[in-house]
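Asker: Let me give you the structure first, and then I'll get to my questions.
The values are calculated or read from the model by the stated rules, or taken from the named source; none is laboratory data. On a predicted model such as this, the values are computed, not experimentally measured, just so you know. Cβ: placed from backbone, ideal geometry, glycine included. Neighbour counts: every protein chain shown.
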């Protein structure tokens, strides 16, 4: 079955969603990520959705679930790269992705994760 | 207003939901909707396609490009499922009989310019969406 690859980078897991998400694929990703966090003791998960052309209520709910599950497993989730048209649509749809940390791009997202693990970097 | 082009596709499985998004995107871009309007229409279509599959037991989508004083896209989802007993309740945010967030119908309505729903218990549901250019 089709799967979304999960890469490990130090204490973080990275996921880039590049396919058009079926509902089942979204469910599988949710399970796979939860298992990988528990196996690896990862402290953070970065999900890049810059290739996603839409986020509907199902995908939005999946992102919320991943954030909630990883929090319970002591890992922080950051969703990065949301396209502006997707953001506008999500808000109008009535989803504000509560409980999901977001960042504009991968760099900013990694910074959020590092800070959540190490505390803010001393200047 | 006249229908320039009309096409009907099946909406009965999860992969059909993905196909609906693709076809709606194609048509919306041909008609010349802006990127934001395309995204809104595709998202609304995705919500309704899922309803058709999950609650309606499968059905069809009729895709139409409209011309006249204004151009636009009209989408008509039809199923022969159990129907919706209380439409007003079903349109409300947060209402769900399934496992979703209950944003499907109300959310989809906010994403388009025109939204009509007809449902008869035991016979099925028909939802028409229009997004104008």
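Asker: Report yes if residue A:97 is at pLDDT below 95 and under 14 Å from the mean Cα position of the chain (by Cα), otherwise no. Write out each step before concluding.
Answerer: On the way: at pLDDT below 95: yes; under 14 Å from the mean Cα position of the chain (by Cα): yes.
Against the criterion (at pLDDT below 95 and under 14 Å from the mean Cα position of the chain (by Cα)), residue A:97 qualifies.
Asker: Here is a follow-up. Residue B:19 passes all but one of (1) at the interface with chain A (Cβ under 9 Å from one of its Cβ atoms); (2) under 15 Å from the mean Cα position of the chain (by Cα); (3) without any contact (Cβ under 8 Å) to a residue 12 or more places away in the chain; which number fails?
Answerer: (1)
Asker: So which of B:27, B:63, B:41, B:48 ends up being away from chain A (no Cβ under 14 Å), in contact (Cβ under 8 Å) with a residue 12 or more places away in the chain and assigned to a helix (DSSP H, G or I)? Steps first, answer last, please.
Answerer: Details: B:63 fails: assigned to a helix (DSSP H, G or I); B:41 fails: away from chain A (no Cβ under 14 Å); B:48 fails: away from chain A (no Cβ under 14 Å).
B:27 is the lone residue from the list that is away from chain A (no Cβ under 14 Å), in contact (Cβ under 8 Å) with a residue 12 or more places away in the chain and assigned to a helix (DSSP H, G or I).
Asker: Tell me yes or no: at least one residue of the range A:34-56 is closer than 18 Å to residue A:18 by Cβ, out of contact with any helix residue (DSSP H, G or I) (no Cβ under 8 Å at 6 or more places or on another chain), surrounded by 22 or more Cβ atoms within 10 Å (Cβ to Cβ) and away from chain B (no Cβ under 11 Å).
Answerer: Taking every residue of the range A:34-56 in turn, none turns out to be closer than 18 Å to residue A:18 by Cβ, out of contact with any helix residue (DSSP H, G or I) (no Cβ under 8 Å at 6 or more places or on another chain), surrounded by 22 or more Cβ atoms within 10 Å (Cβ to Cβ) and away from chain B (no Cβ under 11 Å).
Asker: If we scan the range B:70-79, do we find a residue that is farther than 22 Å from residue B:8 by Cα, out of contact with any helix residue (DSSP H, G or I) (no Cβ under 9 Å at 6 or more places or on another chain) and surrounded by fewer than 18 Cβ atoms within 10 Å (Cβ to Cβ)?
Answerer: Start the filter on the range B:70-79 by keeping residues that are farther than 22 Å from residue B:8 by Cα, which leaves B:70.
Adding the requirement that they be out of contact with any helix residue (DSSP H, G or I) (no Cβ under 9 Å at 6 or more places or on another chain) leaves B:70.
If we keep only those that are surrounded by fewer than 18 Cβ atoms within 10 Å (Cβ to Cβ) as well, we get B:70.
Within the range B:70-79, one or more residues are farther than 22 Å from residue B:8 by Cα, out of contact with any helix residue (DSSP H, G or I) (no Cβ under 9 Å at 6 or more places or on another chain) and surrounded by fewer than 18 Cβ atoms within 10 Å (Cβ to Cβ).
Asker: Let me ask something additional. Need a quick list: helices (runs of 4 or more DSSP H) entirely within the range A:12-123 having at least 3 residues that are out of contact with any strand residue (DSSP E or B) (no Cβ under 7 Å at 6 or more places or on another chain) and under 22 Å from residue B:104 (Cβ atoms). Write out each step before concluding.
Answerer: Values: elements: A:23-40, A:57-72, A:84-93, A:106-118.
Per the criteria, A:23-40, A:57-72, A:84-93.
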